[in-house]
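Below you'll find the structure, written out as structure tokens, and then a few comments.
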């Protein structure tokens, strides 16, 4: 990490979960009904977040390519059915990337170490699918005592009712804020996360 990046830690991180997606699986056509609109919402949130200094972390399936770097994952997804997602959400040079082998972004990945390095206490989770990989990642984040924001317009599942149910679970059981991204005040969120970081550090 550059000196400039190291000095711009915000205690908040934006996670994009499986947004670089092949869309090549059973019932993918069901999820495809929602991906473009959801990806546009994620792209807008990402732009706003980066303007506020929030680090962006791509947490993505490796699609069985254990020897591939993230660029190869992007190319693989684009050549399948995921070009529309790559066009909207391809990582930028200063974004972070974590490749995962299973549903949760924390399972057998360096995500915990990265978040600790960035002094993150609050996570904004977005991506696909809301009722699987987003939910599993949120559950593991909650057990690690992260504050959670999961904008309802920034995750999608094969069925709308499954997505809504997953959001209700995350709100009720994981204490997640599920307001749409248009209602998120990132400046306030960063201030609150920074205050929590200061209190936690002082409390020891």
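Rule-based calculations on the coordinates, nothing more; no lab input. Here the structure is a predicted model, which is why all the values come from computation and not from measurement. Heads up, the Cβs are rebuilt from the backbone with ideal geometry, glycines too, and the neighbour counts pull from every protein chain shown.
Which whole-number percent is the relative contact order of the chain (Cα, under 8 Å, 6+ apart)?
27
Using the basic label-point model (7 angstrom from Cα toward the beta carbon), what is the residue 50 to residue 102 distance in nanometres?
Distance between the two pseudo-spin positions: 3.2 nm.
Any chance you could run the full-extension gain for residue 29 through residue 83? It's 0.36 nm times the residue separation minus the Cα-Cα distance, nm to one decimal.
Full extension of this stretch gives 18.0 nm more.
Summing -39500 (n - 2.57) over the DSSP H runs of n ≥ 4 in the chain and dividing by its residue number, what mean residue ellipticity at 222 nm do you reach, to the nearest 500 deg cm²/dmol?
Here the helix-only value at 222 nm equals -14500 deg cm²/dmol.
Classify the range 82-200 as rounded, prolate or oblate from the Cα gyration tensor: take a ≥ b ≥ c as the square roots of its eigenvalues, call it rounded if a/c is under 1.5, otherwise prolate when a/b beats b/c and oblate if not.
rounded
Roughly how many Å is it from the Cα centre of the range 9-43 to that of the range 126-162, as a whole number?
11
How far, in nm, would the chain grow between residue 169 and residue 182 when pulled straight, counting 0.36 nm per residue and subtracting the alpha carbon separation?
My answer for the length gained is 2.6 nm.
Let me know the volume per residue of the alpha-carbon convex hull for the range 1-90, in Å³.
107
FRET efficiency for residue 68 and residue 191, Cβ-Cβ distance as r, R0 = 45 Å, nearest 0.05?
Efficiency, from the Cβ-Cβ distance: 0.70.
Find how much the distance from residue 95 to residue 116 grows on full extension, using 0.36 nm per residue of separation minus their present alpha carbon separation; answer in nm with one decimal.
Taking residue 95 through residue 116 to full extension adds about 5.9 nm, to one decimal.
Among 65, 170, which comes first, then next, by fewest other beta-carbon atoms within 10 Å?
Placing the least packed residue first, the sequence is 65, 170.
Angle, helix 133-143 long axis vs. longest principal axis of the chain, Cα atoms, 0 to 90°, nearest 10?
20
At 37 °C and a viscosity of 0.692 mPa s, what translational diffusion coefficient does Stokes-Einstein give for the chain, taking Rh as the Kirkwood radius over Cα pairs? Give it in µm²/s as a whole number.
For these conditions, the coefficient is 194 µm²/s.
Cα-based Rg of the range 88-146 per 2.2 N^0.38 Å, rounded to two decimals?
1.12
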